[in-house]
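Structure, as structure tokens:
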Ligand SMILES: [Zn+2]
Ligand SMILES: [Zn+2]
């Protein structure tokens, strides 16, 4: 971050200003980020007054910023009056033992931050039914059989998001905010294009989740207009338990995702408008009215989807297997080719069992 002593572009005071998010002093920068965050929530209708809102938090810098921004939006106003925003907030953290979830240091950062704003924390470990589902998915899959690091990252994201939706549902929370930001949304758009999932772009680019991929649970992105660099500066300024993002560890086994991240980072350093341009262009694509979902990753699919049949046990009691049709997006069709038949099938069927539970939870 380039710093220089200058005049703040907003309040005109002489201060150390940064080249991230305009030449603003610390205080004006933070106010601008909070304003951006609140505007996205209200203008895009991500949540209404009095809503029960969940926050998906891994403990990384983006989710740290999310909790802090939400807490401040609900408690303070520039003019010192009480905030007009009112929500019940529950933080969802997935802390299951697994070979792919990075260290559980996340919860140590989340707990004090949640306590500061009196947010409730709900972890997967504390939920019995969540643990059960986790076991079904986690144990059936031989993770060592997944050779491609990009697949490993993506498969873990797929499971984690489903678990967040499941936890939210169990707590009667239909709206969840996640830490996706302008940079990570851009990365998702670019990887969607490169994997043949262009159909999903209008869903990826919207701050509001319109995909219905987790049935009646919507996962919105209130940090849609804030970049990685801005969030990192924000978290660093707020002196939250900063955990540096792992952008530099690009080895020979880099995934498409991490390569896209470094590509975007380089591009943005030279052309500051890259990320806003990608978002602006992508948002012009019309949201399709008719679509289904990929049975594996739940991304919206159109005519690019492919039906495959898979075997699944009808019930726990009898061993009869039933042929079920699953729909795969382009990216998962490629993924199927990179994994062993057995691994792929067992993963797919256990996720489909998960979705059944997610869909039918309220009938219990
Ligand atoms: Zn200022
Ligand atoms: Zn898929």
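What spacing in nm lies between the two simple spin-label points modelled at residue 128 and residue 148, each 7 Å away from Cα in the Cβ direction?
A separation of 4.0 nm, rounded to one decimal place.
Tell me the volume per residue, in Å³, of the convex hull enclosing the alpha carbons of the stretch 3-358.
So the per-residue hull volume is 141 Å³.
Obtain the nm distance between the two label points defined at residue 44 and residue 277 by a simple spin-label model: each point lies 7 Å from its Cα along the Cα-to-C-beta direction.
With each label point 7 Å from Cα toward Cβ, the separation is 2.2 nm.
For residue 108 and residue 284 in the same chain, what is the full-extension length gain: residue separation times 0.36 nm, less their Cα-Cα distance, in nm?
Taking residue 108 through residue 284 to full extension adds about 59.3 nm, to one decimal.
Starting from the Cα of residue 6, step 7 Å along the direction of its Cβ; do the same at residue 210; then give the gap between the two resulting points in nm.
3.7
Determine, for each peptide in 180-187, 157-164, 210-217, the mean count of other beta carbons within 10 angstrom over its residues, then list the peptides with the highest first.
Per-residue Cβ counts within 10 Å, averaged per peptide and sorted highest first, yield 180-187, 157-164, 210-217.
What's the extension gain from residue 359 to residue 237 if we count 0.36 nm per residue and subtract their Cα-Cα distance?
39.8 nm
Working out 0.36 nm times the residue gap between residue 86 and residue 116, then minus their Cα-Cα distance, what length gain in nm do you get to one decimal?
So the chain would gain 9.2 nm between residue 86 and residue 116.
Coordinate-derived values only; no laboratory data. This one's a predicted model, so the numbers in the text were calculated from it and none came from an experiment. Cβ coordinates were reconstructed from backbone atoms using ideal geometry, including for glycine residues, and neighbour counts include every protein chain displayed.
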